[in-house]
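Enquirer: Once you've had a glance at the structure underneath, I'll fire off some questions.
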Amino acid sequence: DSVEDVRIVVDRPGRLAGRIVYEGTVPSSGRVTSIVAEQKLLKVSPLYPVPESTVDASGQFVLPGLVGEYEFALDGLQQGLTIKRVIRNGRPLPANRIGVSNGEDIRDIEIVVGP
C-alpha cells in the first residue's frame with residue numbers, strides 16, 4: 001500500500017502555560033475566550049490540529065503538544081484590542097514569537113493585550 005501521511009514523534013512535545021494581561025479596563029465580555037498557537041517555521045498539514053486552549057476567567061491558559069516556533073492568535077477579543085507584546089521572564093520576545101523544544105515545559109508566558 002501507499003503511505004500518504006506519516007507522523008513520527010522523536011521525543012515528547014513541549015508545553016506552554018501563561019496568562020493574558022490587559023492594559024486598561026476591558027469588560028469580561030470583551031476578553032479572550034481561547035488562544036491558538038500558530039506554527040511559523042513549518043507549513044503544517046491541515047490534517048493536524050492547531051494547538052488551542054481555553055482561557056479561564058483569570059486569564060490563565062495551557063497549550064500542550066508544541067514543538068517549534070509559534071505566534072499566538074486570540075479568540076473572543078473585543079474589537080480594537082490586539083496583542084501588544086509577549087513576555088517571558090520579564091523580557092519581551094522578538095516579533096511576539098516563542099520557540100518550544102522537545103519536552104520543554106514553559107510556564108512563565110505573559111501576553112499583554114491592549115488598544
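The values are calculated or read from the model by the stated rules, or taken from the named source; none is laboratory data. Predicted model, so just to flag it, every value in this text is computed and none were measured. When we count neighbours, we look across all protein chains shown, and the Cβ atoms used for this are built from the backbone with ideal geometry, even at glycine. Areas reflect the complete protein model, heavy atoms only, side chains present, ligands, DNA and RNA absent. Shrake-Rupley method; radii C 1.70, N 1.55, O 1.52, S 1.80 Å.
Enquirer: Which condition from (1) more than 25 Å from Gly30 (Cβ to Cβ); (2) open to solvent by 70 Å² or more (accessible area, probe 1.4 Å); (3) under 14 Å from the mean Cα position of the chain (by Cα) is the one that Arg91 breaks?
Expert: Arg91 satisfies every listed condition except (3).
Enquirer: Please find, among Val21, Val26, Val3, Val32, the residue that is more than 12 Å from Leu66 (Cβ to Cβ), at pLDDT 90 or above and assigned to a loop (DSSP other than H, G, I, E, B).
Expert: Unique residue meeting the criteria: Val32.
Enquirer: Mind listing whichever residues of region 44-60 are modelled with pLDDT of 90 or more and open to solvent by 60 Å² or more (accessible area, probe 1.4 Å)? Please lay out each step first, then the result.
Expert: Initially, region 44-60 is screened for residues modelled with pLDDT of 90 or more, giving 52-60.
Matches in region 44-60: Glu52, Thr54, Asp56, Ala57, Ser58, Gln60.
Enquirer: Would you point out which residue out of Leu63, Leu41 is open to solvent by 80 Å² or more (accessible area, probe 1.4 Å) and either of a type in the set (A, V, I, L, M) or under 14 Å from the mean Cα position of the chain (by Cα) (or both)?
Expert: Answer to the check: Leu41.
Enquirer: Report yes if some residue within region 23-35 is within 21 Å of Asn89 (Cβ to Cβ) and either among the basic types (Lys, Arg) or touching a residue at least 40 places away in the same chain (Cβ under 8 Å) (or both); otherwise report no. Outline the logic, then answer.
Expert: First, the residues of region 23-35 that are within 21 Å of Asn89 (Cβ to Cβ): 23, 35.
Next, only the ones that are either among the basic types (Lys, Arg) or touching a residue at least 40 places away in the same chain (Cβ under 8 Å) (or both) stay: 23, 35.
Among the residues of region 23-35, at least one is within 21 Å of Asn89 (Cβ to Cβ) and either among the basic types (Lys, Arg) or touching a residue at least 40 places away in the same chain (Cβ under 8 Å) (or both), which makes the answer yes.
Enquirer: Assuming Gln79 fulfils every condition listed in (1) farther than 16 Å from Leu16 by Cα; (2) open to solvent by less than 80 Å² (accessible area, probe 1.4 Å) apart from one, which condition is it?
Expert: Against the list (1) farther than 16 Å from Leu16 by Cα; (2) open to solvent by less than 80 Å² (accessible area, probe 1.4 Å), Gln79 comes up short only on (2).
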